[in-house]
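The values are calculated or read from the model by the stated rules, or taken from the named source; none is laboratory data. Because the structure is a prediction, the values reported are computed rather than measured. Cβ placement follows ideal geometry from the backbone for every residue including glycine, while neighbour counts extend to all protein chains displayed. Accessible surface areas use protein heavy atoms only, side chains included; no ligands, DNA or RNA. Shrake-Rupley method; radii C 1.70, N 1.55, O 1.52, S 1.80 Å.
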Amino acid sequence: MFFNGWEALLRIVIVGVLSYIGLIIILRISGKRTLAKMNAFDFVVTVALGSILATILLSKDVVLLEGLTAFIVLIGMQYVVAWSSVRFQTISKLIKSKPQLLFYKGSFLNDTMKAERILEEEIFQAARSSGLGSLDEATAVVLETDGNISVIKLNNNHSFSTLSNIKERSDSPTQ
């Protein structure tokens, strides 16, 4: 059916505007962490928020207050888990992945690349995006916890403290 009447459309407009405003207010109150670059946990919460918003808009069985309550519960749970992961190492390990070394001192780390499903082309693209003309200009390439690929440029002081929290796989060269 193409049209059920003006009442249904008016409901979507009114509930859509109010739920959108409610979501923005809740997100602002919840803080920057909710809107930060996403790891897998944040992505799940974002998808769930979108699903709740769609349900509020399109289902006549869900009233606005119920939908806003669902937003608050979901964002509240994200806050509790994020707060806990900062304070408890065990929870942090469950929620967040570790950065992975993909390329180090001239060598692709193939076992890590296979495990993380990263192609050499993606490493070359990250190097180009970092302004490098060659991987010879890079000391390391890292897959970050949010899925971004970082390139650490070659430097002369041989201090690589930004690599200190990266777990090496068996094919990683010794530092």
Segment 115-147, subset touching a residue at least 40 places away in the same chain (Cβ under 8 Å) and among the β-branched types (Val, Ile, Thr), residue farthest from SER97 (Cα to Cα): VAL141
Residue check: is PHE103 outside any loop (DSSP other than H, G, I, E, B), more than 30 Å from GLY31 (Cβ to Cβ), at pLDDT 95 or above and open to solvent by less than 30 Å² (accessible area, probe 1.4 Å)? yes
Residue satisfying all of: in segment 34-58; assigned to a helix (DSSP H, G or I) and of a type in the set (Gly, Ala, Ser); modelled with the lowest pLDDT among these: ALA40
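Going through segment 109-123 one residue at a time, which ones are outside any helix (DSSP H, G or I) and open to solvent by 70 Å² or more (accessible area, probe 1.4 Å)?
Across segment 109-123, the qualifying residues are ARG117, LEU119.
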So the check is Cβ under 8 Å with 6+ separation or different chains; which pairs have a first residue in segment 80-91 that's surrounded by 11 or more Cβ atoms within 10 Å (Cβ to Cβ) and a second one that's modelled with pLDDT of 90 or more and assigned to a helix (DSSP H, G or I)? ILE91/SER84
